[in-house]
Each structure stands twice: as structure tokens, then as C-alpha cells.
Amino acid sequence: MLIYDIKFDIKSSIYGRLGNVRIMMRHLREDRVAIIDNGINKDLICREKMQSKIVIDDNNRCIEDKDKIQITDFQHGTICALIVEKYNSHCILNSVRILDKNGKGGIEKIEPALEWCYQNNIKIVNLSFGTTNFNECEKLKKLVNKYACSGMIIVAATANSGFVSYPACFTNVIGVATTGSPLSYSKDYMQIGIDAVVPSEHMVKMFNEEVKTSLSNSYAAPYVCALIANRLNTDNALGIKKLKEYVKEQSRIEMIEGVYEPDWVYKAYVTGRKKTSRANYYFETVSGEFSEIQDKVDTVIGFSVADLENLDIKDKNLIYLGQEDIYNIDVQGFYWSRKTRQQQILNNHYQGNGLEVPVIILAIEAAIDSYYILTELRKVFASDGYNAYTIGMEPECVLYGLEYMPEPMADYGVWKNFIESQVFYKQSDLVIWCILLEDREKFLKVYPDCDVEISLCKEGENTVVEITFEKEKTEKIISGLIARKDVDEIYHMIEAKLTEDEDG
């Protein structure tokens, strides 16, 4: 079970619309802010500002929170509420307690907490905690995207460690970090999903005394919540993308606008040619005539300009997988393409000293279902506790939650630095890089000292799998379609090779 731990945030002195999408028809009120945390001490908050105190119990039910917070308890949620109250005069505060007095709790409590917020018309949610556990990424992403499509604005503190954390890094979340951090990660905000770098040290009144909050991302997030509540008070039609632009403008460091990971999709309309795969998209799709189903989707996915010409997508998000440049397409939501990925790579600041994790080169013939193999291979590594940074060379990879790597726009050094930055910030345990078999020699020049090389090619109805490790080759014949059991066997062969030294 995932444990959220905010204890070090509290104690440490160093850290501590979609436009018109109508998937959900509830009106969320911008004057209501929920602090999902370890509770709010109502004795320290202006009585008129407190609306509800809720706790998610052990059965994940939302019930009235009757526990009294003692003076000796962690006041983490209370401090977050005081910061929102300090910078926003009209907010109505709601406490949703999912963490215990030690600042720990399970991920299963996030969904009922957000559902309670939605049912009670709360638009702004503060999450001053998160996780760096990669195994929780997919669950949280689906959850966040569902509620973001209702119009909910989720503000989350990024990890004080400087690594990618969830849900702060998601596109549909406003990720926040503090100024004054001894870490240098703020220059790589684009790689870890930070939208604003703002102060976290605030003077608040607690127990009849003015105290200064500690330097921590936890206390930067509620400051941004207050800014957003103020902004929505003047224009309540602003959606997540416009609000991300707004908080970037309020950030204390200069930030580039417009480069987002394509992880935001809840329900999509896919138009144009697509590669057949047994792998599932990470989101739901809706079929039919676009004019009839457009209110049911938040994102349009197109493979060519021709696919998009007759679609009114200005209030949608767009993932464009074609090679041509897009002209005269009005997109008000999030936008991703090959070019935005190239921009992300070119704006990477991280410069490492080479990868310190195993690199597996997977060379596959074009006729083989690479998306299925990659997604299943990533799953089996994850089931054994390994976080695999899984790369493909086609932009359609992103629909499966895989990493897309365009061919180098500049020198290989720029490309390799980006891969190293991703491995570092995402704390990956290995790299699985899928290329076309015909391009094998070209890309082996990038990582000539890769740890394992795997090639998959068709021979009639069979697939020949060849695994090379330190010039030793092992061959396997798979009859028919590659199934999960075959992927499991490939995995065990790789693991055996990579752990030979450990096993003596």
C-alpha cells in the first residue's frame, strides 16, 4: 500500500474547463476550497470561513470529522488553510482528512475525498502531499483526469526531494514548488511538472502568536490556491490551461509556456489512421460522428491535418500525431505534437555523466506489435518492483503511456542528456528502448555499450527472439502471437542476465 508521508515536510526546516467539456454537469463553486490533508483545527480558522469537516474512514466512507486536533499534533492541514485564508478574503474552507496525525495515509482515500468535493460543488482542491512511487502513477492519473474534466482545479505540492511526484507532475494538476530551495531542480521545472515557483514562508497566526511557516513545497501550494481563488473570483470561466498560464506569470522564476506531457486525456475522439495493437490506450475513447459526441470528450487525437479540418475542436485538447505542421487549427486546450516533444528535449537543462542504470535495446520488425510488447514488458518489470523508462520511436507511443523519443534534432549529446534527465527525475531503474530492427546499427551508436540487446523478427507465423548479453546469445521461438506468458519469459531471461553478478 502506498504511504503518503508529509512528516518531513512539517518538521524539516529545509523542505518539509477543459472549456465546455460537459462530461459531468455539476456547477463547481470557485469560492469553495478543500484542504485534503490531516485535518484543520477549526479553533484557528475564522468561523465564518469553515464550511465542513470531513474524514474518510477506514471503509472509505465520508463522515463528519469530530476529532479535535490538539496543540501538540501536526498542524499541517491547518497551516495550509491559514495560508489560503491569509491571501484570499472570500474563500470558504473545507477540511477533508485522509491522513493520520503522523501525516500518513493510503492512496485509496484519494478517490472518495475528491468525489466528496465534487458532490459538494468544490472547485479548488489543495493537496500538499504526494508520492514518488511510480506504481501509483496510473491510478492517480486516471483519477485526476476524471475530476479535472468536471472543472475541478487541483493544486499539488511537488516532492521536496526534487524528483517527479504524483499527482503534482500531471498536466491536469497545477504543480507547485517553493522559492529558496537549496535544490536546483527549479530550472528543470518542465521535466517534473512544476507550473509555479512561489514563496512558502508566510506569517500566520497560531495559538495567539504570529509564526513563520517553514520552507517547504507544502506551503507554496496553498499560496497558489489562494491566487487561483482570487483569479476565479474575477473570471470564473477560466479552465485549467488558462490558470496554469496565470500561475506561471505569478511564478518568481521565468517559465516557458506551452509544453505539456500528453497525460491529461480522460475521454478521447480518435480520428484518422491508427496502428492496430492489442495494447490498450491509457484513456477511454468515444466513437461516432464528432458533432454528436463532442460533448462527451475532452481531447481529439488526429494523425493528419486532413483528419482535423472539418472538426470544431477549439474548446478541446489536441494530440496531433502527424508529421506536417498544423496551420489554422484553433486549440484552446492543451496541445501536444512531435514538435512540442522536441521543444521539451531542447529546453532540458540536466547534464549527467552517463546512465547508471541498465539499458536494454529492443529491436523489432515493423510488422510486430511493439506497443503491446512494450506495455506488457513494462508491467512485468513493475510487478517485480522495477521502474522501467520505456521508450518508443513513434509519437503514437504516448497514447499508451509510453515515452516518445523523436530522432535527434541536434547532436546525440542533447538527446542523451534528456534521457538521463528523465531517468534521474523519475528515479527509473532501467531503460527499455524500442527501435525498428532496420535502424539497429544507427541507434546502437548512441548506446554502444548497452547491457542487453533483444531482436524480434518474423519467420512465417513464428517470432524469433534473440537476446544478446556480453556477446552471449540466447534464442527463443514463439509460435503465433506474442502473449503475456512469452513476455514474462523474456523478462525472466533479461532479469537473470542482469542479476548474474548479484547472484554470484
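Number of residues in the stretch 162-186 that are farther than 18 Å from Val144 by Cβ and either part of a loop (DSSP other than H, G, I, E, B) or in the same structural domain as Ile319 (by TED's automatic domain parsing) (or both): the value is 8. Checking each residue of the stretch 14-33 against the condition of being at pLDDT 50 or above, assigned to a loop (DSSP other than H, G, I, E, B), within 25 Å of the chain's Cα centre (by Cα) and under 12 Å from Lys109 (Cβ atoms) gives no match. Do the conditions hold for Leu114, that is, is it surrounded by 21 or more Cβ atoms within 10 Å (Cβ to Cβ), out of contact with any Phe, Trp or Tyr (no Cβ under 7 Å at 6 or more places or on another chain) and at pLDDT 95 or above? Criteria not met by Leu114.
The residues of the stretch 332-350 that are out of contact with any helix residue (DSSP H, G or I) (no Cβ under 9 Å at 6 or more places or on another chain) and either farther than 17 Å from Thr171 by Cα or part of a loop (DSSP other than H, G, I, E, B) (or both), listed by number, are Lys339, Gln342. The set of residues from the stretch 23-81 being under 20 Å from Cys91 (Cα atoms) and of a type in the set (Asp, Glu) comprises Glu30, Asp31, Asp37, Asp43, Glu48. Being crowded, with 19+ Cβ neighbours inside 10 Å, modelled with pLDDT of 90 or more and of a type outside the set (Ser, Thr, Tyr): is that true of Leu99 here? Answer is yes for this residue.
Sub-9 Å Cβ pairs linking a first residue in the stretch 376-388 that is surrounded by fewer than 16 Cβ atoms within 10 Å (Cβ to Cβ) to a second residue that is hydroxyl-bearing (Ser, Thr, Tyr), at least 6 apart or interchain, are Asp384/Tyr491, ordered by first then second residue. Among the residues of the stretch 87-101, the ones that are polar (S, T, N, Q) and under 15 Å from Val55 (Cβ atoms) come to 2 in all. If I filter the stretch 62-87 down to residues being touching a strand residue (DSSP E or B) at 6+ places or on another chain (Cβ under 9 Å), surrounded by fewer than 20 Cβ atoms within 10 Å (Cβ to Cβ) and not hydrophobic (A, V, I, L, M, F, W, C), which single residue comes out as nearest to Asp235 (Cα to Cα)? Per the stated criteria, the residue is Lys86.
Within the stretch 444-464, identify whether any single residue is modelled with pLDDT under 85 and in a helix (DSSP H, G or I), and answer yes or no. Checking the stretch 444-464: at least one residue is modelled with pLDDT under 85 and in a helix (DSSP H, G or I). Out of all the residues in the stretch 379-396, which are in a helix (DSSP H, G or I) and under 23 Å from Ala483 (Cβ atoms)? Hits for the stretch 379-396 are Lys379, Val380, Phe381, Ala382, Ser383, Glu396. Filtered by the rule that a residue be more than 18 Å from the chain's Cα centre (by Cα) and assigned to a helix (DSSP H, G or I), the stretch 397-419 gives Tyr412, Gly413, Val414, Trp415, Lys416, Asn417.
Ile56 satisfies every condition listed in (1) surrounded by 24 or more Cβ atoms within 10 Å (Cβ to Cβ); (2) more than 16 Å from Ile40 (Cα to Cα); (3) among the β-branched types (Val, Ile, Thr) except (2).
The criterion of at least 3 residues that are over 21 Å from the mean Cα position of the chain (by Cα) and surrounded by 21 or more Cβ atoms within 10 Å (Cβ to Cβ) is met by none of the strands (runs of 3 or more DSSP E) falling completely within the stretch 187-284.
The values are calculated or read from the model by the stated rules, or taken from the named source; none is laboratory data. Values in this document were obtained by computation on a predicted structure and should not be read as measured data. Quick reminder, even Gly has a Cβ in these numbers, built from the backbone with ideal geometry, and neighbours come from all protein chains shown.
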